[in-house]
Every structure is written in C-alpha cells, then in structure tokens.
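Here's the structure we're looking at; comments come further down.
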Amino acid sequence: MNTNKKYKDTVFTRYFSDEKKLRLLYNALEHTNYGEETEVNIITLEDVLFMNQKNDICFTIDNKFIILIERQSTINNNMPLRCLLYIAREYEKLIDKNIVYRSTLQKIPTPHFYVLYNGVRKYPKEKTLKLSDAFLVSQSPIELELYVKVININYEENHAILQQCQYLKEYSYFISVVRTYLKKGFELNKAIIKAVKICINKNVMKEFLEKNSSEVINMLFTEFDMDTAIKIWKEEGKEEGREEGKKEKQTEIAKNLLDVLDIETISNKTGLSITEIKKLF
C-alpha cells in the first residue's frame with residue numbers, strides 16, 4: 001500500500017490501513033460475511049476532508065467504493081457535499097475520460113460513505129446526513145442525493161458495531177482511556193503514555209501499540225491538540241463579523257472542551273467567564 005506522506009496519519013488511519021481489519025469492519029458496517037478470499041484494495045487519496053490530517057480511509061471491496069472518515073470533533077453538516085466532491089475526483093481517476101462519450105454503459109463501483117464519530121460532544125448513536133438538506137430549493141423527486149451514515153463509536157455509547165468488530169472496539173476503548181486520564185488532570189502526553197501502557201497490559205491493540213508506540217504518542221498528541229482547533233474556531237467567529245456570532249462561536253468552542261479541559265483553562269482560551277462556562281454543564 002502506498003501512503004501519501006503529504007498529510008499526517010491519525011491513529012485511526014494507521015491502525016485500520018490493513019486489509020483484514022477493513023474487511024471485518026466492513027462486515028460489521030454492512031452485515032456481510034466476506035472472508036479472506038474477498039480482496040480489499042486500499043486507495044491512496046490525494047486530498048483529505050479535514051485540515052492536514054489524514055483521518056479518512058478509502059477502499060474497494062466486491063465492486064463497492066467505501067469512504068470511511070473518523071471524526072473526533074463536531075460533525076460537519078457539509079460532509080455530504082464534501083463526499084460528493086471527493087467521490088467525483090476518485091471516479092475521474094478511475095475511468096478513461098473518453099469512455100463517457102461512448103454509448104456503452106460504463107459501470108462504476110457503488111459508493112458508500114461512513115463517518116465514525118468519536119468526539120466528546122453528545123451525538124446520537126446513528127444519524128444520516130443528506131446532500132439534499134443543503135439544496136437552496138427543495139424538490140420532489142430529488143434528482144441528486146448522497147447519504148453519509150454517521151455512527152457514534154464512543155466506547156461509552158456501546159453501539160452494536162463495537163461488538164461486531166473487535167478491532168473497532170479496541171480502538172474505541174483506547175481513545176476512551178486517553179480521555180479518562182485527561183479528565184483526571186493528567187497532561188496530554190502523560191495521559192497518552194498511560195493509555196498505551198494500560199492497553200498493552202490488557203491486550204488491547206497490543207501488537208500495534210508495541211510496534212508503533214512512539215508514533216502513536218506523537219500522532220495522538222497532534223490529534224488532541226486543542227489549540228489548533230481553537231484558533232480555527234475563533235477565526236470562523238471573526239469572519240461572521242457580528243458580536244452575536246462571536247459569542248456563539250465562543251460558546252461552541254467551550255462546549256467542545258468541557259470534557260477535556262478544566263473550567264479555568266477553557267475560560268482563558270475562549271474569553272468566556274467562568275460563570276458563563278458553568279452554565280453549559
């Protein structure tokens with residue numbers, strides 16, 4: 001498999017960039033029972049859906065085109081539009097440009113889009129985002145639609161898919177342990193190191209963590225780096241150009257940080273008072 005080094009891998013993409021794991025994960029997602037005889041082709045993408053981190057995996061299996069995206073921040077409602085642009089580029093690379101002018105029907109892999117939500121904010125166990133929700137004018141019948149299925153894989157949510165795919169369950173548990181120690185007041189790097197040791201001792205992602213422990217620590221440190229996300233969210237608030245908009249953005253940032261930082265730190269980073277933040281609980 002070729003890896004696009006232009007972007008930073010996340011623990012999720014590194015862990016699941018494996019044919020066996022993806023096959024079992026797909027079986028859990030689609031309630032299929034593909035075995036080793038079914039080939040999985042991992043596709044290297046030239047673009048990513050979130051900043052400079054490669055938090056998505058694209059692969060084909062049995063003439064299906066699967067895009068998996070892991071999200072540890074707020075779900076972006078523009079995901080269907082982004083997936084549409086994404087899949088269009090992939091189809092363009094997949095087929096001969098001249099073939100669309102021929103009369104013979106060109107068959108293409110069937111696309112499926114999934115977001116595996118692993119963030120700290122409350123989110124339903126499952127939700128489907130639709131491209132048509134973004135249309136300026138509603139129509140019936142809808143002539144172009146794209147669905148993105150969002151599944152909450154937080155360990156505490158205990159979604160059925162975690163029982164159906166052991167690899168996903170172990171990954172979810174690992175992230176949960178990191179957050180547990182952050183809540184206990186551990187510094188980020190110490191929380192990650194503690195989680196790695198605990199999971200190895202419990203035989204959770206053991207082989208992967210033993211082989212890639214230093215890389216995992218570095219990748220997670222980047223993934224959990226709140227300062228970058230906060231800077232972006234603040235810029236979004238400025239672009240709105242309204243005091244009300246800025247306040248809404250400050251509140252949104254604070255909500256994202258409630259489970260990972262203490263109130264005083266959140267206050268310093270967002271500009272909200274401690275009293276305002278306490279009201280968010």
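The values are calculated or read from the model by the stated rules, or taken from the named source; none is laboratory data. Model, not experiment: these values are computed from the prediction. In this analysis, Cβ positions are derived from the backbone assuming ideal geometry, glycine residues included, and neighbour counts consider all displayed protein chains.
Among the residues of segment 147-183, none is identified as exposed (fewer than 14 other Cβ atoms within 10 Å of the Cβ) and under 16 Å from the mean Cα position of the chain (by Cα).
Only residues that are touching a residue at least 12 places away in the same chain (Cβ under 8 Å) and within 30 Å of residue 178 (Cβ to Cβ) were counted in segment 104-128, giving 16. Would you check which residues across segment 66-82 are modelled with pLDDT of 85 or more, touching a helix residue (DSSP H, G or I) at 6+ places or on another chain (Cβ under 8 Å) and buried (at least 20 other Cβ atoms within 10 Å of the Cβ) and list them? 66, 67, 68, 69, 80, listed by residue number. Please go through segment 184-196 and pick out each residue that is without any contact (Cβ under 8 Å) to a residue 12 or more places away in the chain and under 24 Å from the mean Cα position of the chain (by Cα). Passing the criteria: 187, 190.
Which of the residues that make up segment 83-93 are of a type in the set (A, V, I, L, M) and surrounded by fewer than 16 Cβ atoms within 10 Å (Cβ to Cβ)?
85, 88
Among the residues making up segment 206-217, those that are surrounded by 15 or more Cβ atoms within 10 Å (Cβ to Cβ) and within 14 Å of residue 13 (Cβ to Cβ) are 208, 212, 216. Please work out if residue 168 is farther than 28 Å from residue 29 by Cα, among the hydrophobic types (A, V, I, L, M, F, W, C) and not in a loop (DSSP other than H, G, I, E, B). No: the conditions fail for residue 168. If you check 144, 116, 136, 105 for being surrounded by 14 or more Cβ atoms within 10 Å (Cβ to Cβ) and of a type in the set (A, V, I, L, M), only one passes: 116. Note on segment 129-148: among residues that are touching a residue at least 60 places away in the same chain (Cβ under 8 Å) and not in a loop (DSSP other than H, G, I, E, B), the one that is farthest from residue 167 (Cα to Cα) is 147.
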